[in-house]
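The values are calculated or read from the model by the stated rules, or taken from the named source; none is laboratory data. These numbers come from a predicted model, not from an experiment. Positions of Cβ are backbone-derived with ideal geometry, glycine not excepted, and every protein chain shown enters the neighbour counts.
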Amino acid sequence: MNWNTLWPLIEQAAIDAAKTAAQQFAAQAATDAKAFLKTAAASLLKYTTQLKANDITQDEFADLVNGLKDLATMNALTEAGLAEVALEAVRNAVTDAVIQVVLDAVKV
């Protein structure tokens, strides 16, 4: 697993998931997904490295990534008027996409 190869896959999956979840607010969702990933990048690298080394389980990895949801402030979507319930759906879609891409790449 090469982080420089994996990162673009994570980024694209997160952006695609955000756009799908936010539908008519796709541009704002992409902006927010990128902002989240920028904020969470160091933690994602750490957790991915731990997963690859079998220092944590897949479930622990998923829990750690889901714990990063608070970093997903979704400012652009909030400014666009998306309701909190819909914002939570976008957050979930983004973190679920990140988890799936890493698990597929690491295959522990």
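Out of the residues in the range 1-58 meeting the condition of being outside any helix (DSSP H, G or I) and of a type outside the set (Asp, Glu), tell me which one is modelled with the lowest pLDDT.
Met1
Among what's in the range 26-39 and is surrounded by fewer than 22 Cβ atoms within 10 Å (Cβ to Cβ) and of a type outside the set (Ser, Thr, Tyr), pick the residue that is nearest to Met74 (Cα to Cα).
That would be Ala35.
Answer yes if at least one residue in the range 100-107 is over 17 Å from Trp7 (Cβ atoms) and either in contact (Cβ under 8 Å) with a residue 60 or more places away in the chain or assigned to a loop (DSSP other than H, G, I, E, B) (or both), and no otherwise.
Within the range 100-107, one or more residues are over 17 Å from Trp7 (Cβ atoms) and either in contact (Cβ under 8 Å) with a residue 60 or more places away in the chain or assigned to a loop (DSSP other than H, G, I, E, B) (or both).
Among Leu68, Leu82, Leu87, which is the only one that is at pLDDT below 95, farther than 18 Å from Leu9 by Cα and within 11 Å of the chain's Cα centre (by Cα)?
So the residue among Leu68, Leu82, Leu87 that is at pLDDT below 95, farther than 18 Å from Leu9 by Cα and within 11 Å of the chain's Cα centre (by Cα) is Leu68.
What do you reckon, is Asp104 more than 21 Å from Pro8 (Cβ to Cβ), modelled with pLDDT of 90 or more and more than 12 Å from the chain's Cα centre (by Cα)?
No; evaluated as a whole, the condition is false for this residue.
A quick yes/no check of all residues on (1) in contact (Cβ under 8 Å) with a residue 24 or more places away in the chain; (2) in contact with a Ser or Thr (Cβ under 8 Å, 6 or more places away or on another chain); (3) basic (Lys, Arg); (4) farther than 16 Å from Leu87 by Cβ:
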{"site": "Ala13", "(1), (2), (3), (4)": "yes, no, no, yes"}
{"site": "Phe25", "(1), (2), (3), (4)": "yes, no, no, no"}
{"site": "Ala30", "(1), (2), (3), (4)": "no, no, no, no"}
{"site": "Lys38", "(1), (2), (3), (4)": "no, no, yes, yes"}
{"site": "Leu45", "(1), (2), (3), (4)": "yes, no, no, yes"}
{"site": "Lys52", "(1), (2), (3), (4)": "yes, no, yes, yes"}
{"site": "Asp59", "(1), (2), (3), (4)": "no, no, no, yes"}
{"site": "Leu64", "(1), (2), (3), (4)": "no, yes, no, yes"}
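Could you tell me which residue of the range 40-93 is surrounded by the most Cβ atoms within 10 Å (Cβ to Cβ), considering only residues that are among the β-branched types (Val, Ile, Thr) and within 17 Å of Lys107 (Cα to Cα)?
That would be Thr48.
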